[in-house]
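To start, the structure under review is shown below, and the notes come after it.
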Amino acid sequence: MGKYGAVHRAVQARDWSTEVEFHNASPARQCQAEQAHDPHYVERLMTGALTAQEVRDIGLPQNPSVAARAFASAGGTLLACELALKRGLAASMAGGSHHANRQGGRGFCVMNDVGVALSALLLEPQGIQHALVVDLDVHQGDGTAEIFAGDQRVFTASLHCEDNYPFTKAVSDLDHGLAKGTGDSGYLQALDALLHRLDSTAIHSDLIVYNAGVDPHEDDRLGRLNLTDAGLAARDEMVFEWARAHRKPLCLVLGGGYDRDIEVIAERHAKVFDRLHAAFQHR
């Protein structure tokens, strides 16, 4: 949990940080959370009445700060999506809690911020009509896929390690599971093929949401895909260039990243923001 403050500090220490705008988002409202999640789950989350099984499924303690962070993260992703629609590129220094599904939280994810944000934007008169989620966290974006299953307005795509959590996969609109130990070359070839398959979907989308989790990295505690620093950088640059070529707004969310040293993982995330800033300079 401590990585979020560390990422914020690392990004604000960048030389380019004075060239960008930082925004404090309002937390998502209860009615917005209920568009993506079962209202009874949202109520239990807000009142501290989650069951013991729900707490185990989430893997985080049940307390007011954990609940408040979930609402804040969802609000941050919503604001980042709104800013991306206006500016072309924006990002949240949190978010990417993609295991939470309509029934509730799972896998360190209390609330699905992308699910909440896109559901809200789809309801707004001046919002969006179609969105594309490109999830490159090492774990499948199962909760996001389940939230938008059967909803033709949101296309979910996930490139992940097949032999990793969740061990029972959901069905995204486009899934590509990779073998553990794939490495840079195999991963980037698979990503290139995935993006080509998404070309027609991107053309008809109003917004692309990119889960840029850094857990595919070779040193990540929960990764298994063995990407080097260079491979992770090439991944991000490929996605940014692809979105730019389609002239589509892109919102980046933080996603997963795990290391015993918080500063190490914060720096790995901060480098994604370095690449995002460089991409913004070329738009």
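The values are calculated or read from the model by the stated rules, or taken from the named source; none is laboratory data. Everything numeric here is computed off the predicted structure, so don't read it as measured data. Reconstructed Cβ throughout: ideal geometry from the backbone, glycine too, with neighbour counts over all protein chains shown. Please note that ligands, DNA and RNA were not included when accessible areas were found on the heavy atoms of the full protein model with its side chains. Shrake-Rupley method; radii C 1.70, N 1.55, O 1.52, S 1.80 Å.
Remarks
- First in the stretch 109-137 and modelled with pLDDT under 95, second anywhere and part of a helix (DSSP H, G or I), Cβ under 7 Å, 6 or more apart: 127/121
- Count of the stretch 149-168 residues, restricted to those that are of a type in the set (A, V, I, L, M, F, W, C) and open to solvent by 10 Å² or more (accessible area, probe 1.4 Å), is 3.
- Applying the criterion of at least 1 residues that are more than 21 Å from residue 153 (Cα to Cα) and open to solvent by less than 50 Å² (accessible area, probe 1.4 Å) to the helices (runs of 4 or more DSSP H) found wholly in the stretch 169-262 leaves 183-197, 229-245.
- Residues considered: 83, 118. Of these, the only one that is open to solvent by 10 Å² or more (accessible area, probe 1.4 Å), outside any loop (DSSP other than H, G, I, E, B) and not charged (D, E, K, R) is 83.
- Entry remark, the stretch 148-168: residues being part of a loop (DSSP other than H, G, I, E, B) and closer than 19 Å to residue 217 by Cβ number 4 in total.
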